[in-house]
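Undergrad: What follows is a single structure, and I will ask about it in a moment.
The values are calculated or read from the model by the stated rules, or taken from the named source; none is laboratory data. No experiment lies behind these values; they were computed from the predicted model shown. In this analysis, Cβ positions are derived from the backbone assuming ideal geometry, glycine residues included, and neighbour counts consider all displayed protein chains.
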Amino acid sequence: MGRPILVRGARQLLTLRGPAGPRRGSDLRNLGLLQDGSVLIVDGVIREVGPTRRVENLAIARQAIEISAAGRVVMPGFIDSHTHLVSGAPRLAEFESMIAGAGPAEADAHPLEIEATSGSTLEYQAARVIQDCVREGTTTLEAKSGFGVTEAGELKILRAYAVLDEHPIPVVSTAMLSASFAGGPLEYLTRLLPIVRRRGLAEFVDVEYEDHAFPYEECRRFLRAARQFGFGVKMHAGQRSPTRAPELALETGAASIDHSVYLDELQTALLARSNTIATLLPGSVFYQGGERYAQARRLIDAGVAVALATNYNSRTCPSHNMQMMIALACRAMLMTPAEAISAATVNGAHALRRADRAGSIEHGKDADLIILAAPDYRELPYHFGVNLVEQTIRRGRVVYNRADVPTGAE
């Protein structure tokens with residue numbers, strides 16, 4: 001056993017302790033806040049959480065390496081439950097056209113970009129993104145495929161994720177059938193998924209269920225078959241038009257419906273009675289200049305379990321900063337800061353079925369924490385576009401420390 005670590009004296013310690021399941025309704029605003037709180041970590045796992053006076057007086061704490069959090073916020077690391085780490089080069093020409101009034105591009109301008117790029121290059125590019133995510137406080141992320149046009153391209157993406165897992169944070173891999181996949185659902189199901197299962201390249205399977213992609217019955221058959229292979233299932237749905245996503249989620253046991261912009265009142269009520277998470281992605285709407293964001297306020301008030309994620313990719317959301325998503329959730333979707341933080345941590349963990357290990361600061365969970373250079377958690381959305389993370393800790397190991405970054409000062 002290595003020496004214990006004591007994260008000591010946080011002005012605000014956000015434990016996110018609460019019900020065992022996803023947070024809903026008023027529970028989403030309960031951050032389990034402790035004033036002057038401390039966390040004792042042993043072998044990468046949280047041993048004790050509580051008021052500083054009690055924790056620091058434990059016998060084991062007297063041997064601990066101390067990390068001072070005086071005057072700062074300590075909270076769980078962000079769980080980014082929707083990214084596409086490998087998605088190709090920046091679409092700079094498309095971006096210029098979009099801000100000139102052309103609107104979002106509908107067709108992929110680089111249909112075989114992934115196939116033409118070496119696996120080592122993709123791994124290097126994704127590793128750099130992960131490093132940025134860690135600096136911004138993300139301690140677990142999901143990485144979807146979906147930007148490969150062929151079987152070879154999709155496998156190349158998933159292999160990159162396998163290499164990058166736990167370097168230095170968990171990468172939860174998802175094989176995604178998007179509308180751009182040339183072979184369609186049948187080839188993805190019969191040729192690709194058996195290989196992915198055999199090689200252990202993904203935990204989840206996702207399908208694009210939109211009016212421009214695949215119809216209900218095809219998605220239902222695809223997701224049911226994916227479950228028979230042993231995958232968890234998710235879906236992209238309701239981003240551009242109404243769908244029957246909540247009904248499909250109930251039929252297939254989907255862990256999450258991602259985007260969820262178009263949901264009527266009956267669908268909202270159906271989703272509120274389910275265990276499916278509505279993962280909201282405001283960064284995509286902001287980047288594309290859209291006006292219709294997911295109706296987070298209505299979803300929360302109805303009892304739907306919502307999560308926040310970035311949807312980082314080079315096409316529709318080139319931002320991997322969860323702090324910016326929290327700011328957008330507050331300003332554009334009328335969530336409170338506390339609701340947004342819960343959605344970006346514990347509910348994100350539920351969307352990945354990792355809530356037994358991550359998403360809150362509780363005894364027995366992985367010691368995945370961030371320390372903010374701020375005395376109040378409400379500064380996260382207030383300082384939009386600013387990185388407030390001072391330290392990121394993954395299983396008790398400091399994987400980012402702002403003090404290590406040269407400032408140029410004498």
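Undergrad: Give Glu203, Glu218, Glu210, Glu251 a once-over and let me know the one that is touching a residue at least 24 places away in the same chain (Cβ under 8 Å) and under 20 Å from the mean Cα position of the chain (by Cα).
TA: Glu203
Undergrad: Would you point out the residue of segment 340-356, among those that are in a loop (DSSP other than H, G, I, E, B) and either over 22 Å from Ala10 (Cα atoms) or hydrophobic (A, V, I, L, M, F, W, C) (or both), that is nearest to the chain's Cα centre (by Cα)?
TA: Leu352
Undergrad: Continuing with this model, one more query. Whether any residue in segment 194-207 is farther than 30 Å from Val134 by Cα and modelled with pLDDT under 95 is what I want to check.
TA: No, that holds for no residue.
Undergrad: Kindly indicate which of Arg54, Arg17, Arg24, Arg29 is of a type in the set (D, E, K, R) and touching a helix residue (DSSP H, G or I) at 6+ places or on another chain (Cβ under 7 Å).
TA: Arg29
Undergrad: Out of segment 262-285, which residues are in contact with a helix residue (DSSP H, G or I) (Cβ under 6 Å, 6 or more places away or on another chain) and part of a helix (DSSP H, G or I)?
TA: Matches in segment 262-285: Gln267, Thr268, Leu270, Leu271, Ala272, Pro282, Gly283.
Undergrad: From the residues in segment 369-399 that are touching a Pro at 6+ places or on another chain (Cβ under 7 Å) and closer than 24 Å to Ala64 by Cα, which one is surrounded by the most Cβ atoms within 10 Å (Cβ to Cβ)?
TA: Leu369
Undergrad: Can Thr276 be described as of a type outside the set (A, V, I, L, M) and buried (at least 20 other Cβ atoms within 10 Å of the Cβ)?
TA: yes
Yes/no per residue for (1) in the same structural domain as Leu281 (by TED's automatic domain parsing); (2) within 20 Å of Leu299 (Cβ to Cβ); (3) out of contact with any Lys or Arg (no Cβ under 8 Å at 6 or more places or on another chain):
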residue	(1), (2), (3)
Gly183	yes, no, no
Arg198	yes, no, yes
Tyr209	yes, yes, yes
Glu217	yes, no, yes
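Undergrad: While we're on this one: Taking segment 121-162 as the search range and keeping residues that are of a type in the set (Gly, Ala, Ser) and over 20 Å from the mean Cα position of the chain (by Cα), which one is surrounded by the fewest Cβ atoms within 10 Å (Cβ to Cβ)?
TA: Among those residues, the one meeting the criterion is Ala152.
Undergrad: Any residue in segment 359-370 that is within 25 Å of Val233 (Cα to Cα), part of a strand (DSSP E or B) and charged (D, E, K, R)?
TA: Looking through segment 359-370, at least one residue is within 25 Å of Val233 (Cα to Cα), part of a strand (DSSP E or B) and charged (D, E, K, R).
Undergrad: Here is a further query. Out of everything in segment 36-51 that is over 12 Å from Pro4 (Cα atoms), of a type outside the set (D, E, K, R) and touching a helix residue (DSSP H, G or I) at 6+ places or on another chain (Cβ under 9 Å), what residue ends up being surrounded by the most Cβ atoms within 10 Å (Cβ to Cβ)?
TA: In this case the residue turns out to be Ser38.
Undergrad: Hey, which of the helices (runs of 4 or more DSSP H) in segment 42-149, taking only ones fully inside, have at least 2 residues that are of a type in the set (Lys, Arg)?
TA: Correct list: 52-56, 119-135.
Undergrad: Here's something else I'd like to know. Considering only segment 92-101, I want to know if a residue exists there that is farther than 28 Å from Thr174 by Cα and either in contact (Cβ under 8 Å) with a residue 60 or more places away in the chain or touching a Cys at 6+ places or on another chain (Cβ under 7 Å) (or both).
TA: yes
Undergrad: So which pairs qualify, if the first residue must be in segment 178-196 and part of a helix (DSSP H, G or I), the second must be β-branched (Val, Ile, Thr) and surrounded by 17 or more Cβ atoms within 10 Å (Cβ to Cβ), the Cβ gap must be under 8 Å, and the two must be at least 6 apart or on different chains?
TA: Pro185/Val207; Leu193/Val205
Undergrad: On to the next question. Looking at Leu33, Leu13, Leu58, which is the one that is aliphatic (A, V, I, L, M), surrounded by 21 or more Cβ atoms within 10 Å (Cβ to Cβ) and modelled with pLDDT of 95 or more?
TA: Leu13
Undergrad: For His350, state whether it is under 30 Å from Thr268 (Cβ atoms), touching a Cys at 6+ places or on another chain (Cβ under 7 Å) and either in contact (Cβ under 8 Å) with a residue 12 or more places away in the chain or acidic (Asp, Glu) (or both).
TA: So His350 fails the test.
Undergrad: Does Met325 satisfy the criteria of being closer than 24 Å to Met235 by Cβ, assigned to a loop (DSSP other than H, G, I, E, B) and either modelled with pLDDT of 95 or more or assigned by TED's automatic domain parsing to the domain that holds Leu270 (or both)?
TA: no
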